[in-house]
């Protein structure tokens, strides 16, 4: 009995020390972007756990100092619509499910590479995924127009590093390292497609053991994505910030996902509304054609109406509102959602 009691005390002490260690590790991370003094709507859980991508600071800091700034674009106190720019500590906000299904999804919100949308294409999707067993990681990536040394590859560097870190820490999240997928929206859809086609590109120097792991996602879901950097299909704002207004044809091709599909690309789920007045639907059609040419699995859904940037909230009441369930059903066929 004494031995058992001692063992129980030792187990309790070990668990307590582990909890303290994890808490200290969590406290050491950069907090999620927040509007100073901004009131948050009741009942919507906000992420408290984050993972910094670069423990010694992000590489290639701009010559001109950046200040992380969060804007609240909503006038409705019950619906937040935040956007962040000037990101110098790229990081992931974590949404843990109550019952993990072993799959993870890296979410890359949109924002035209001008900023990163927090709620509409980030946290709202993170909550939806976590409620269905997926561990979701919302990525706050660096922006290519803010002077980073990596230039147009800076966001891809963060996405590659994020996938590798999720795999490296898979046990911490009850995640199968082989089932780490990617989902992105608009310009974040470009980043998602860029990751899923140029996962093997060397965009930064390795810094630790995580960087020995693959950055290839299990599968990819670019939603109403920016794909082409060439007119007339290119989204002008994203193109200007990513490759510059005077980009050469070679520079455009280097950052147009449909021009860079490898033979070992992962399966893709593609979704677009045909009345999208910001990012032409042909972006998705170009990517689909390139994937089919390489015999890569690609499921494509086109909706007559939906516009751009519908995410979850703006899809309600329209036929396009079924898209998350379509993705989930497709994910089962890939082995992501078992």
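The values are calculated or read from the model by the stated rules, or taken from the named source; none is laboratory data. Keep in mind that what you see is a predicted model, and the values were worked out from it rather than measured. FYI the Cβ positions are ideal-geometry reconstructions off the backbone, even for glycines, and counts take in every protein chain you see.
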Considering only the range 143-150, I want to know if a residue exists there that is modelled with pLDDT of 95 or more, in contact with a strand residue (DSSP E or B) (Cβ under 9 Å, 6 or more places away or on another chain), surrounded by 24 or more Cβ atoms within 10 Å (Cβ to Cβ) and assigned to a strand (DSSP E or B).
no
Qualifying residue in the range 218-237 (condition: surrounded by fewer than 24 Cβ atoms within 10 Å (Cβ to Cβ), closer than 20 Å to residue 118 by Cα and over 13 Å from the mean Cα position of the chain (by Cα)):
yes
Flag for residue 338 being in contact (Cβ under 8 Å) with a residue 60 or more places away in the chain, part of a loop (DSSP other than H, G, I, E, B) and in contact with a helix residue (DSSP H, G or I) (Cβ under 8 Å, 6 or more places away or on another chain)
yes
Being in contact with a helix residue (DSSP H, G or I) (Cβ under 8 Å, 6 or more places away or on another chain), part of a helix (DSSP H, G or I) and surrounded by fewer than 24 Cβ atoms within 10 Å (Cβ to Cβ) is the filter here; which residues of the range 166-197 pass it?
167, 168, 173
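Having 3 or more residues that are within 14 Å of the chain's Cα centre (by Cα) is the bar; report the strands (runs of 3 or more DSSP E) wholly within the range 65-112 that clear it.
On the way: elements: 69-72, 82-85, 91-95, 104-108.
Per the criteria, 91-95, 104-108.
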Qualifying residue in the range 261-281 (condition: part of a helix (DSSP H, G or I) and surrounded by 17 or more Cβ atoms within 10 Å (Cβ to Cβ))
no
Flagged in the range 142-162 as closer than 23 Å to residue 213 by Cβ and out of contact with any helix residue (DSSP H, G or I) (no Cβ under 7 Å at 6 or more places or on another chain), in numbering order, are 153, 157, 158, 161, 162
